[in-house]
Amino acid sequence: MRALSEGDRTFVEGAIALAVAQAGMNLTVAAPGVAERNDEPSGHIRPASIEAANDPDYIAIRKMQIKISAGVAGYSIDPEEDQGGGGLVFLPRLWVERRQLISHALFATSTRGMSMFPRVHEGDTIVVNTADSRQRTGEVFAVNHEGEFTIKRLQRHQNHWWLYSDNPDQASFPPVMCSERTQMIGKVVLLQAEQL
């Protein structure tokens with residue numbers, strides 16, 4: 001039997017602690033060196049851990065990989081297993097409540113590609129609010145555009161909605177007009193950058 005990697009061990013411990021907490025068994029799973037609480041939490045994402053699962057100041061949300069299904073009208077969400085933190089990340093409860101977000105309507109995912117560079121890099125983590133898909137100029141959305149999952153800034157021009165990349169190389173990342181095959185999955189409400 002092989003030993004679990006640090007990431008796998010953290011995920012298993014976090015999942016067990018979360019299951020215990022959700023079952024309402026009044027058990028506390030504690031580990032040495034519990035992280036200090038911050039009275040004024042930021043919107044930073046906390047990786048899955050025993051401390052996070054037991055901390056009432058944090059809310060668990062799913063970290064997912066988005067896969068567009070064969071019919072472009074839909075998409076599927078699969079738990080992300082390759083990020084060491086398993087399928088959960090934690091957000092400060094106060095941050096979520098102040099923005100009137102609903103935790104079960106949120107998911108986190110890792111970004112791919114360079115279309116939103118320099119603000120968003122490959123591998124950054126974003127949080128998407130699926131309860132908010134109302135189109136608004138200047139807002140960043142997770143989108144199913146013609147069978148492709150993408151993150152784009154929405155703009156309204158000449159009675160049409162357009163998907164814009166933040167990348168200044170507009171020749172490589174030109175604006176794309178929305179069509180009946182464009183579905184707003186949800187508004188991006190948080191970015192955790194891996195690079196500065």
Ordered by packing density, taken as the mean number of other Cβ atoms within 10 Å over each peptide's residues, highest first, how do 145-156, 129-140 rank? 145-156, 129-140
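Report the full-extension gain for the segment Glu194 to His160: residue separation times 0.36 nm, less the Cα-Cα distance, to one decimal in nm. Could you put the intermediate results ahead of the total?
Working: separation 34, 0.36 × 34 = 12.24 nm, distance 3.39 nm.
So the extension gain works out to 8.9 nm.
Between beta-carbons, use under 10 Å as the cut-off and find the net charge around Asn129, counting Lys and Arg +1, Asp and Glu -1.
Details: positive: Arg99, Lys187; negative: Asp132.
So the surrounding residues net to +1.
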Quick calc: nm separation of the 7 Å Cα→Cβ label points for Asp57 and Arg136 -> 2.8
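By counting other Cβ atoms within 10 Å of each Cβ, how are Ser103, Ser165, Ser110 ranked from fewest to most? Don't jump to the answer; show the numbers that get you there.
Working: Ser103 13, Ser165 22, Ser110 18.
If I rank by nearby Cβ atoms, fewest first, I get Ser103, Ser110, Ser165.
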Calculate, in whole percent, how much of the Cα-Cα pair population of region 80-185 lies beyond 22 Å. 37
Treating every alpha carbon of region 86-128 as one equal point scatterer without solvent, the Debye formula yields log10 I(q)/I(0) values at q = 0.22, 0.27 Å⁻¹ of -0.81, -0.95
Output ordering of 167-176, 93-102 (per-residue mean of other Cβ within 10 Å, highest first) is 93-102, 167-176
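Throughout, read-outs are computed from the coordinates displayed, never taken from laboratory work. Everything numeric in this text was worked out from a predicted model, so none of it was measured. Note: ideal-geometry Cβ built from the backbone for every residue, glycine included; neighbour counts use all protein chains shown.
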